[in-house]
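The values are calculated or read from the model by the stated rules, or taken from the named source; none is laboratory data. Everything quoted here is computed from the prediction, not taken from an experiment. In this analysis, Cβ positions are derived from the backbone assuming ideal geometry, glycine residues included, and neighbour counts consider all displayed protein chains.
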Amino acid sequence: MFESLQERLGSILNGLTGRGALSEADVSAALREVRRALLEADVALEVVRSFTGKVREKAVGAAVLKSIKPGQMVVKIVHDELVEMLGAEGVAIDLNAPAPVVIMMVGLQGSGKTTTSAKIAKRLNERQNKKVLMASLDTRRPAAQEQLRQLGEQVKVATLPIVEGQTPVDIARRAVQAAKLGGHDLVILDTAGRTHIDEPLMVEMADIKKVSSPHEILLVADSLTGQDAVNLAKSFDERVGITGLVLTRMDGDGRGGAALSMRAVTGKPIKLIGTGEKMDGLEEFHPKRIADRILGMGDIISLVEKAAENIDAEQAAAMAKKMQSGKFDLNDLAGQLQQMSKMGGMGGIMGMMPGMGKMKDQMAAAGLDDKMFGRQLAIISSMTKAERANPEILKHSRKKRIAAGSGTDAAEINKLLKMHRGMADMMKAMGGKGKGGGLMRGMM
Ligand code: GDP
């Protein structure tokens, strides 16, 4: 079972002792286990292939964070890639269309379509104050329409009156008409399923789509579905065209592989997950949780995340101390610039730092942008040790020499010095208040 991935990976993780960057061999060894694990989690083979390919590309040569093992680094990369592949968080049901908005629920029999229809109706009614009409188009299963009617009563949502002898297409048409007349904001069409995908089912779905022009077509799929998930999602998407996925029975012991497969082959977002038989067992989808579930290695991932957070914590502590003593020389500035470019430049860093508006202004005033990191670093590295420690000694002749050495000019050097003074003053002020460590933590 899946729990053993950690054990199996354990020996490999421990075996990887290289430091610095991940080698091809490290990555291959770890990926063999990851591949097996994904297959065991019911991720479809084609998805596993493309997935491991992507991970390999990212992992080989990747820098290994201080204080973690290379194998753990691989797992983190795998995890992040899983999250990416599972897609964006919180893609809500799109109701942005003229009323009545039609939501068509499709899927195999027993996947949870009827239950999910009622859950969605309840949710949109209670949370968004929508007037919903539900209609069961399942004329095949004798009790299906009655089942939806009862659920409607339970969640206090109207259902279309049952008329014997109508075809699914008739009912769809009637539902849309009734919603228009009744002033409903939306119609949820609960279509009939089959035990497997077949041609008549696809034709029926296409016909219903034609007469009801649904704004959302949600494929309801059981998360316990294994390898069939891909065919299922592909067929429905190709033949009917889906706008999103709802995965049911996420409260069961499904391992989430189906989620990854279906998302990967259709590229359609997972909009909601079913987490129980009760009417409130419906939740938003969080890719990270599914990724954790697929990998089953939450502890390693948080360890690596922590390591990333504490990256060069010692350096940060030393810096905080320096700031408190009011010293922030150009060596320190160079360290900061390096750290910043590592972290995705100004935008990335400023985005991560609450309350950094002042510093941003300082930098903007000094004309510092991403492209300038490199030039600023070049200027600093063209200085002597004494100049870096004591920028006050930088007079005209020294600046001229530095400008020549760094391929810049005196104006640019002055800008850098001005920025440094601004930062030093501010850090001194913050350091004095004992907030320096906090600031530096924000920057890491
Ligand atoms: P349909 O044939 O696709 O309409 O499926 P139903 O809505 O009738 O659901 C089949 C069974 O699955 C019912 O017993 C539901 O209570 C159950 N079910 C649906 N969604 C979930 C879920 O998210 N979790 C659990 N545990 N059971 C569910």
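Summary of computed values
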read-out: Scope the stretch 85-125; condition among the charged types (D, E, K, R) and under 18 Å from Leu148 (Cβ atoms); matching residues; value: Lys113, Lys119, Lys122, Arg123
read-out: Filter pass, Arg194 being in the same structural domain as Gly110 (by TED's automatic domain parsing) and either under 30 Å from Asp42 (Cα atoms) or in a strand (DSSP E or B) (or both); value: yes
read-out: Near pairs, Cβ below 8 angstrom, 6+ apart or cross-chain, from the stretch 322-336 (of a type in the set (A, V, I, L, M) and in a helix (DSSP H, G or I)) to any residue that is surrounded by 15 or more Cβ atoms within 10 Å (Cβ to Cβ) and at pLDDT below 80; value: Met323/Met427; Met323/Lys428; Met323/Met430; Met323/Gly431; Met323/Gly436; Met323/Leu439; Met323/Met440; Leu333/Met423
read-out: Failed item, numbered, when Leu108 is tested on (1) within 16 Å of Leu272 (Cα to Cα); (2) within 16 Å of the ligand (Cβ to nearest atom); value: (1)
read-out: Test: residue in the stretch 86-103 that is in a strand (DSSP E or B), more than 16 Å from the ligand (Cβ to nearest atom) and either touching a His at 6+ places or on another chain (Cβ under 8 Å) or on the phi > 0 side of the Ramachandran plot (or both); value: yes
read-out: Meets criteria (in a helix (DSSP H, G or I), farther than 21 Å from Met279 by Cα and within 16 Å of the ligand (Cβ to nearest atom)) for Ile171; value: yes
read-out: Every residue from the stretch 251-264 that is more than 26 Å from Ser212 (Cα to Cα) and more than 9 Å from the ligand (Cβ to nearest atom); value: Asp253, Gly254, Arg255, Gly256, Gly257, Ala258, Ala259, Leu260, Ser261, Ala264
read-out: When residues of the stretch 274-302 are limited to those that are part of a loop (DSSP other than H, G, I, E, B), within 16 Å of the ligand (Cβ to nearest atom) and within 19 Å of the chain's Cα centre (by Cα), the one modelled with the lowest pLDDT; value: His286
read-out: Residues satisfying the stated conditions in the stretch 177-191, i.e. out of contact with any Asp or Glu (no Cβ under 8 Å at 6 or more places or on another chain) and part of a loop (DSSP other than H, G, I, E, B); value: Gly183, His184, Asp185
read-out: Any chance Gln177 is away from the ligand (no atom under 16 Å from the Cβ), surrounded by fewer than 16 Cβ atoms within 10 Å (Cβ to Cβ) and at pLDDT 95 or above; value: yes
read-out: Which numbered condition Leu186 misses (of (1) closer than 30 Å to Glu81 by Cα; (2) hydrophobic (A, V, I, L, M, F, W, C); (3) at pLDDT 95 or above); value: (1)
read-out: Qualifying residue in the stretch 359-367 (condition: over 28 Å from the mean Cα position of the chain (by Cα), modelled with pLDDT under 65 and assigned to a loop (DSSP other than H, G, I, E, B)); value: yes
read-out: Per-region count, the stretch 115-163, residues within 14 Å of the ligand (Cβ to nearest atom), touching a residue at least 40 places away in the same chain (Cβ under 8 Å) and either polar (S, T, N, Q) or part of a helix (DSSP H, G or I) (or both); value: 16
read-out: Unique residue being more than 17 Å from Lys113 (Cα to Cα) and without any contact (Cβ under 8 Å) to a residue 24 or more places away in the chain when the list is Val211, Val203; value: Val203
read-out: Selection from the stretch 199-250 of residues that are more than 28 Å from Glu40 (Cβ to Cβ), within 16 Å of the ligand (Cβ to nearest atom) and assigned to a loop (DSSP other than H, G, I, E, B); value: Val240
